Amino acid sequence: MAVASLISGVPTLMERTFVMFKPDCMERGLLGSILSRFERKGLRLVAMKMLRITPELARQHYAEHVEKPFYPGLEAFITASPVVGTVMEAPEVVRVVRDMLGATSGLKAAPGTIRGDHSASRQMNLVHASDSPESAAREIALYFKPEEIQQWDPTLACWLQAPDE
């Protein structure tokens, strides 16, 4: 999902993505430290809420996996504890977030990435992030009403990207 933003008076194409801090992240107390990595990168947090994923919501979120043999374990995991859902906004944010996360399996993720630094599992990999602008739009709509997403330009935005980026 792309939106126009004004940074230094020049329109900048901003993209949105859905980022979920999964049960293992919450149980391990890593929410703050991982969220701060996104903020330090300059990604704009435009929506956030804590919730419990129901089996019904899990089936909607993971619709492409429902018929796969591993799905029951995935549903049990994602519904086991609260999660925090967020919407992040920045140029190329879908790619940027996924690069910051690293490979899906923490065992294969490079050191310096979130999963490379904090995960040793494929399923318990701390954070879910949309894999395309299309999936971002679908996932954002699953978790947030339009009025729950804040459109804003932080005062320091002009120091994060040049006006023509």
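Couple of notes before you dig in:
- Of all residues making up segment 93-108, the number that are exposed (fewer than 15 other Cβ atoms within 10 Å of the Cβ) and at positive phi: 0
- Segment 71-88, residues that are more than 17 Å from Gly29 (Cα to Cα), of a type in the set (A, V, I, L, M, F, W, C) and either in contact with a Phe, Trp or Tyr (Cβ under 8 Å, 6 or more places away or on another chain) or surrounded by fewer than 11 Cβ atoms within 10 Å (Cβ to Cβ) (or both): Leu74, Val87, Met88
- Filter result for Trp159 (without any contact (Cβ under 8 Å) to a residue 12 or more places away in the chain and surrounded by fewer than 16 Cβ atoms within 10 Å (Cβ to Cβ)): yes
Residue-by-condition table, conditions (1) touching a residue at least 40 places away in the same chain (Cβ under 8 Å); (2) small (Gly, Ala, Ser):
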residue: Gln60; (1), (2): yes, no
residue: Ala63; (1), (2): no, yes
residue: Glu67; (1), (2): no, no
residue: Leu74; (1), (2): yes, no
residue: Pro82; (1), (2): yes, no
residue: Thr86; (1), (2): yes, no
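- Top-ranked residue in segment 29-47 [being more than 20 Å from Arg95 (Cα to Cα) and surrounded by 14 or more Cβ atoms within 10 Å (Cβ to Cβ); ranked as nearest to the chain's Cα centre (by Cα)]: Leu31
- Counting the residues of segment 109-154 that are loosely packed, with under 12 Cβ neighbours inside 10 Å and charged (D, E, K, R) gives 3.
- Candidates Leu35, Leu43: the one that is out of contact with any helix residue (DSSP H, G or I) (no Cβ under 9 Å at 6 or more places or on another chain), of a type in the set (A, V, I, L, M, F, W, C) and at negative phi is Leu35.
- Looking across segment 76-108, the residues that are of a type in the set (D, E, K, R) and within 14 Å of His128 (Cα to Cα) come down to Arg95, Arg98, Asp99.
- Candidates are the residues of segment 48-58 that are loosely packed, with under 14 Cβ neighbours inside 10 Å and in contact (Cβ under 8 Å) with a residue 60 or more places away in the chain; the one that is farthest from Ser81 (Cα to Cα) is Lys49.
A short reminder: the numbers here are calculations on the coordinates, not readings from a lab. Just so we're clear, the structure is a prediction, and the values are computed from it rather than from any experiment. Backbone-built Cβ (ideal geometry, glycine too); neighbour counts: all protein chains shown.
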